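Provided herewith is a single structure, encoded as C-alpha cells, for subsequent inquiry.
The values are calculated or read from the model by the stated rules, or taken from the named source; none is laboratory data. All values derive from a computational prediction rather than experimental measurement. Ideal geometry is used to build each Cβ from the backbone, glycine not excepted, and the neighbour counts take in all protein chains shown. SASA here: full protein model, heavy atoms, side chains in, ligands and nucleic acids out. Shrake-Rupley method; radii C 1.70, N 1.55, O 1.52, S 1.80 Å.
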Amino acid sequence: MTRPLQIGARHHRLPRAIATLAILLTTSAVLMSTESFAAEPDVTARAAHTLNGTATANLHLVKAEGSQLFEEGPVSGTLAGSASAALTTGAVFTASFTIHTHSGSITGHGRATPHGSGRYQSFSGSFLATSGSGRYAHVSGRAGLYGVFDRRTDSVVIQTTGTLTY
Amino acid sequence: MRRARHLLAPLLACACLPATAHAAQSAKLHVSFSPNRLGHGTTVDISAKITASGGYVPSPLTQLQVSYPSDLGFDISGLGLATCSQAILEIFGPLHCPADSYMGQGNALAELSFGPEIIQETAEVAILRAPQEGQVALLFYANAGTPVSEPIIFSGMLIPGPAHDESIEINVPLVPSLPAAPDIAIVQLHATLGPHGLTYYEHIHGKLVAYKPKGILLPRRCPPGGFAFSATFAFQDGSHALAHTVVPCHPEGKHRRNRNI
C-alpha cells in the first residue's frame with residue numbers, strides 16, 4: 001500500500017530538514033539520505049500520472065570548469081536512483097540536472113538563491129522539469145528546490161519537493 | 001603666538017600647493033596568475049599604478065572596480081569559508097579573525113605632499129571575507145607606519161556582471177594626512193587573491209588539520225586572446241581612469257587545449 005506524500009507538510013518541515021542536512025553533511029551525506037527516507041515509499045505515482053513527493057540528491061564533485069561544477073551522486077526518496085548536475089554558483093545558483101531512475105529519467109533546470117556566507121550555503125528556489133525518457137518521457141511541472149552547498153568540498157545536497165506530471 | 005601663526009600660515013599654504021594642482025590621472029594595470037595552469041587553482045596577483053602628469057601627487061582614489069572574466073572560479077575557490085566582522089577588525093585587528101576568513105593580502109604605496117616634498121608611505125593590506133548574506137563581501141585592513149599610523153578599514157564586494165564579466169568593487173576612504181594638507185593619495189596597489197601565503201584549518205576526526213585552499217579555478221580552455229581584466233579608477237576630483245590588461249594562457253595549457261580538441 002502506498003501513501004501519498006503531503007507537500008504542505010514537507011514545506012513546514014523544510015527549515016529543520018535543511019539544518020539537519022547541513023549538520024549531517026559534515027559526517028555522512030549518504031547516511032543522512034538513507035535515514036531520512038527509509039520509512040517512506042520511494043515512488044508515489046497516481047492514476048493521473050502525477051509524481052508527488054520529495055527527492056534528495058547527495059552530489060559530489062566530479063570535475064570543475066571555471067565557475068561551473070559537474071556533480072553526480074545517489075538520489076533517495078521519490079525518484080530513487082542517481083543524478084548528474086552541472087551547477088553554477090554565484091549570486092544566484094543555477095543548475096541543469098538529470099535524475100536517472102529504473103523507470104526513466106527526468107531532466108530539468110533549477111535556479112536558487114543562496115543564503116549565508118560561511119562554509120555551508122543553503123539555497124532555495126525552483127526546479128523546472130523540461131524533458132524525460134522512459135516512463136517520464138512527457139514529464140513537466142515545477143517543483144521547489146532546496147539544499148546545502150559545502151564550499152570546502154564542493155559537494156551539495158539538493159532536495160526537490162512538489163508535483164510533476166508525466 | 002600671533003607671530004608663530006603668521007609663520008605657520010605660509011608653510012601650510014606651501015604644503016597644500018603642489019598637491020592641489022592636480023593634473024589628469026592615468027593608471028596602469030597588471031595581472032598575473034600563480035600558477036598559470038588551465039584547469040587548476042591559482043592565486044590572482046593584481047597590481048595597479050596611478051600617476052599624474054607633471055610629477056604631481058595624484059588626486060586621492062575613492063573607488064576601484066576591477067572586472068574579470070566570469071569563468072574564473074572565484075565562488076568555488078574555497079576561499080573565505082569563515083568571515084570576520086568590521087567590529088572585530090576595528091577593535092582587535094586581523095590577527096583575531098578566523099584563519100579561514102583570509103582571502104588574500106597585499107600592500108599599497110601612498111603619497112602625500114608636504115611643501116615641495118612628496119612623502120611616500122607603505123601599508124600592508126589584509127583581505128578578509130566579510131559577513132554578507134548570499135554575497136561575497138570583502139574587508140580590507142590597511143596598516144601603515146608613520147606618519148599615518150591609524151589602520152584603515154574599507155569594504156569591497158564581488159559583483160556579478162551583466163554579461164561575461166564579474167567585478168570587484170572597492171570603496172576607498174579618504175585618508176587625511178596633515179592638518180590643512182590634502183588627503184593621502186594611493187599611487188600603487190598590489191593585492192593577491194588566492195591561497196598563496198594562506199593556511200586554512202579544518203577539523204578531521206577531532207583534530208585540527210591545516211590545509212591550503214584550492215584557489216581560484218582557471219577554466220580548462222583558454223579564452224580567445226587570454227583572460228581580459230580591466231580596472232576603473234575614480235578619484236576625489238571627479239575624474240576617472242581606465243586600464244586594461246590581458247593574462248595570456250600558459251603555453252602548456254594552450255597545448256593541452258589543442259590536444260583535447
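Residue under question is B:Pro223, and the condition is that it be in contact with a Ser or Thr (Cβ under 8 Å, 6 or more places away or on another chain), within 14 Å of chain A (Cβ to nearest Cβ) and either farther than 30 Å from B:Glu117 by Cα or not hydroxyl-bearing (Ser, Thr, Tyr) (or both); does it hold?
Details: in contact with a Ser or Thr (Cβ under 8 Å, 6 or more places away or on another chain): no; within 14 Å of chain A (Cβ to nearest Cβ): yes; either farther than 30 Å from B:Glu117 by Cα or not hydroxyl-bearing (Ser, Thr, Tyr) (or both): yes.
Criteria not met by B:Pro223.
Could you list, in sequence order, the residues of segment B:99-139 that are closer than 30 Å to B:Val57 by Cα and within 14 Å of chain A (Cβ to nearest Cβ)?
Taking segment B:99-139 as the starting set, the residues that turn out to be closer than 30 Å to B:Val57 by Cα are B:104-128, B:138-139.
B:Leu128, B:Leu138, B:Leu139 - these are the residues of segment B:99-139 that are closer than 30 Å to B:Val57 by Cα and within 14 Å of chain A (Cβ to nearest Cβ).
Still on this structure, I have one more. Condition first: open to solvent by less than 40 Å² (accessible area, probe 1.4 Å), of a type in the set (Ser, Thr, Tyr) and in contact with a Cys (Cβ under 9 Å, 6 or more places away or on another chain). Can you find one or more residues in segment B:105-121 that meet it? Give the steps one after another, and end with the answer.
We begin by selecting, within segment B:105-121, every residue open to solvent by less than 40 Å² (accessible area, probe 1.4 Å); these are B:106, B:108-113, B:115, B:121.
From what is left, the residues that are of a type in the set (Ser, Thr, Tyr) are B:113.
Narrowing further to those that are in contact with a Cys (Cβ under 9 Å, 6 or more places away or on another chain): B:113.
Yes: one or more hits.
So, one more: Only one of (1) over 16 Å from the mean Cα position of the chain (by Cα); (2) at pLDDT 85 or above is not met by A:Glu65, so which one is it?
If we test A:Glu65 against (1) over 16 Å from the mean Cα position of the chain (by Cα); (2) at pLDDT 85 or above, just (2) comes out false.
Kindly list, by first and then second residue, each pair from a residue in segment B:132-154 that is open to solvent by less than 20 Å² (accessible area, probe 1.4 Å) to a residue that is at pLDDT 90 or above and aromatic (Phe, Trp, Tyr), limited to pairs with Cβ atoms under 6 Å and residues at least 6 apart or on different chains.
Taking only residues 6 or more apart or on different chains, the pairs are B:Phe140/B:Phe154.
Further question: Filter segment B:231-261 for residues that are in a helix (DSSP H, G or I) and either surrounded by 14 or more Cβ atoms within 10 Å (Cβ to Cβ) or modelled with pLDDT of 95 or more (or both) and give the result. Talk me through it step by step, then tell me what you get.
Taking segment B:231-261 as the starting set, the residues that turn out to be in a helix (DSSP H, G or I) are B:251-260.
Once the filter is applied, which keeps residues that are in a helix (DSSP H, G or I) and either surrounded by 14 or more Cβ atoms within 10 Å (Cβ to Cβ) or modelled with pLDDT of 95 or more (or both), segment B:231-261 yields B:Gly253, B:Lys254, B:Arg256, B:Arg257.
Continuing with the same structure: From the residues in segment A:94-123 that are closer than 19 Å to A:Arg142 by Cβ, of a type in the set (Gly, Ala, Ser) and in contact (Cβ under 8 Å) with a residue 40 or more places away in the chain, which one is nearest to the other protein chains (Cβ to nearest Cβ)?
Looking at the filtered set, the residue picked out is A:Ala95.
Kindly state which strands (runs of 3 or more DSSP E) lie completely within segment A:89-158 and contain at least 2 residues that are out of contact with any Lys or Arg (no Cβ under 7 Å at 6 or more places or on another chain), of a type outside the set (A, V, I, L, M, F, W, C) and under 20 Å from B:Arg129 (Cα atoms). If you could, list the steps in order and put the result at the bottom.
Details: elements: A:93-101, A:104-115, A:120-134, A:141-150.
By residue number, A:104-115, A:120-134.
State yes or no: is A:Arg151 within 22 Å of A:Ala91 (Cβ to Cβ), open to solvent by 40 Å² or more (accessible area, probe 1.4 Å) and within 14 Å of chain B (Cβ to nearest Cβ)? Before the answer, list the steps.
On the way: within 22 Å of A:Ala91 (Cβ to Cβ): yes; open to solvent by 40 Å² or more (accessible area, probe 1.4 Å): no; within 14 Å of chain B (Cβ to nearest Cβ): yes.
Spelling it out, it is not the case that A:Arg151 is within 22 Å of A:Ala91 (Cβ to Cβ), open to solvent by 40 Å² or more (accessible area, probe 1.4 Å) and within 14 Å of chain B (Cβ to nearest Cβ).
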